[in-house]
Number of protein chains: 2
Amino acid sequence: MRLGVLVSGSGTNLQALIDARDRGELSPAELAVVIANRPRAKAVERARDAGISAEVVDHTRFGGDRRSFEEALASCLDSFGVEAVILAGFMRVLSPTFVDRYPRRMLNTHPSLLPAFPGVRAPEQAVAHGVKVSGCTIHFVDAGVDTGPIIFQAAVPVLDADDAASLHRRILAEEHALLPKAARLMAAGALICEDRRVRVVEAA
Amino acid sequence: MRLGVLVSGSGTNLQALIDARDRGELSPAELAVVIANRPRAKAVERARDAGISAEVVDHTRFGGDRRSFEEALASCLDSFGVEAVILAGFMRVLSPTFVDRYPRRMLNTHPSLLPAFPGVRAPEQAVAHGVKVSGCTIHFVDAGVDTGPIIFQAAVPVLDADDAASLHRRILAEEHALLPKAARLMAAGALICEDRRVRVVEAA
């Protein structure tokens, strides 16, 4: 299964996918293309260093027209034969029309234990709320913001000395372990959704 | 510090407080009185078996007048010299007027990782939502429903085979460990709130 990875920033989750591929742990998923919505995203460099095609579809070039931006994204994904999409720190909300192109074939990683702290700056929200446990969520993308069926979650402690940055680092380490695993299982057809509950059906 | 424990049901969290007292782990907190809002609450029996005064303030006797119900609760607590309150499976929402009688001296235990799944039937909500991690929260009570500053949380896995009951049992085991600990620390003056963040200041 050919994956397209959408990124906005430094791309540490992309790097985790690349590292899993290099260890032979991503197959039958393949990294077909990385698309950044920001020209200077460090993720573009990581992709090229790893021998993966990297493209930029700059959302600022579409004058706020999300439909045109998403059509450009879709064209780019199609031109690389992409069958499934990974949002790896992609900071644009996608329309239901775009999401519907990849039913149960689009994953997102989010730095909180959803449904707590959806949206932007989740670690900052968690610290401000004073929770003692946070974590990460790997989920299918649906039409809502961070609302799709949950594949994996991992908990991490929130320490007295934490700020948003130190908590986010602890959470990212968990995301880096779980996102490649979820990508592989999705490609292997091993993720079964029953209503909102997701089960892994292979002996992983 | 003399504690009043408010209960509605079987009282397993009350039992955890009693067991901690019997092990000498609750002091300087003392169990002064248990008050149930349901005459047949099993918690009443547990209290009496443990040599603790138990009273019933039946909310159905007040014809839906919450203020009168709460005044009766407050009178009963005052008559036992109660300085702080533990909600241990107490299923009535208390008004801000009542809550304000015990500033940072009222604890609640809730069977989810708040702010996820506040309100009733939290384990059922968690299973229906398909989360992979849930847990419990011990928190100070404020004017909202399950919104007060968080003292402790513990995470538990949600398994494929779980229903609400099996998940709830796993969560309760964590509540039973953390609620007596929080009660002791509150009584010892060891819980410090800074905005919403709660720190433990003694070497516990």
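Shape summary of the stretch A:89-204, radius of gyration then Dmax from alpha carbon positions: 14.4, 43 Å.
Model label sites at A:VAL93 and A:VAL145, defined 7 Å from Cα along the beta-carbon direction, differ in position by 0.4 nm.
Compared with the direct C-alpha span, the chain from A:ALA177 to A:ARG104 gains 24.2 nm at full extension, assuming 0.36 nm per residue. Remark: the protein assembly as shown is approximated by an ellipsoid whose semi-axes, taken from the C-alpha gyration tensor as √(5λ), come to 49, 20, 19 Å, largest first. Taken across both chains, chains A and B shield about 2100 Å² of accessible surface from a 1.4 Å probe. Sparse packing (at most 16 other Cβ atoms within 10 Å of the Cβ) combined with a DSSP loop state is found for the following trypsin sites (Lys or Arg not before Pro) in the stretch B:112-199: B:ARG121.
Principal axis analysis of the Cα atoms in the stretch A:2-200 yields extents of 48, 38, 35 Å, listed in decreasing size. Label-point distances for A:ASP163 to the equivalent site in the other copies, using a point 7 angstrom along Cα→C-beta, read 4.9 nm when ranked shortest first.
Ranked by the mean number of other Cβ atoms within 10 Å per residue, highest first, peptides A:23-31, A:149-157 order as A:149-157, A:23-31. For the stretch A:117-132, putting each phi into the Karplus relation 6.51 cos²θ - 1.76 cosθ + 1.60 with θ = phi - 60° gives couplings of 6, x, x, 7, 6, 4, x, 5, 4, 5, 5, 5, 6, x, 5, 9 Hz, in residue order, rounded to whole numbers and with x for Gly and Pro.
Among A:THR137, A:THR97, A:THR109, which one shows the biggest mean-square fluctuation in a GNM of chain A, springs joining Cα atoms closer than 10 Å? For chain A, modelled as a Gaussian network with Cα springs under 10 Å, the answer is A:THR97.
Roll a 1.4 angstrom probe over the protein heavy atoms and tell me the percent of accessible area of the stretch A:2-200 that is carbon or sulfur.
Answer for the stretch A:2-200: carbon and sulfur cover 49 percent of the accessible area.
Considering helices alone, the calculated mean residue ellipticity of the protein assembly as shown at 222 nm is -10500 deg cm²/dmol, with DSSP H runs of length four and up weighted by -39500 (n - 2.57) and normalised per residue. Normalised per residue, the accessible area of chain B is 43 Å², obtained with a 1.4 Å probe and no contribution from ligands, DNA or RNA. How about A:LYS132: which lysines have a C-alpha closer than 22 Å to its C-alpha, ignoring those fewer than 8 places off in the same chain? Output for A:LYS132: B:LYS132, B:LYS181.
What does DSSP give for the protein assembly as shown in terms of the percent of beta bridges that are antiparallel, rounded to the nearest 5?
Values: 30 of 66 bridges.
DSSP beta bridges in the protein assembly as shown are roughly 45 percent antiparallel.
Across the identical copies, the label point of A:ALA177 (7 Å from Cα in the Cβ direction) is separated from its matches by 1.8 nm, in order from shortest. The mean count of C-beta atoms from other chains within 10 Å of the C-beta of residues in A:124-133, rounded to a whole number, is 6.
For A:VAL93, the label point sits 7 Å beyond Cα toward Cβ; its separations from the matching points on the remaining copies run 2.7 nm, from shortest to longest. Counts of other chain beta carbons within 10 angstrom of each beta carbon in peptide B:147-154 average 3.
For the stretch B:2-200, with only Lys/Arg (+1) and Asp/Glu (-1) charged at the beta-carbon, what is the dipole magnitude about the Cα centre, in debye rounded to 20? Each step should come with its number before you reach the end.
On the way: 24 positive and 24 negative charges, 18 e Å.
My answer is approximately 80 debye.
The values are calculated or read from the model by the stated rules, or taken from the named source; none is laboratory data. Bear in mind that the values here come from a model prediction, so they are computed numbers and not experimental data. Heads up, the Cβs are rebuilt from the backbone with ideal geometry, glycines too, and the neighbour counts pull from every protein chain shown. Areas reflect the complete protein model, heavy atoms only, side chains present, ligands, DNA and RNA absent. Shrake-Rupley method; radii C 1.70, N 1.55, O 1.52, S 1.80 Å.
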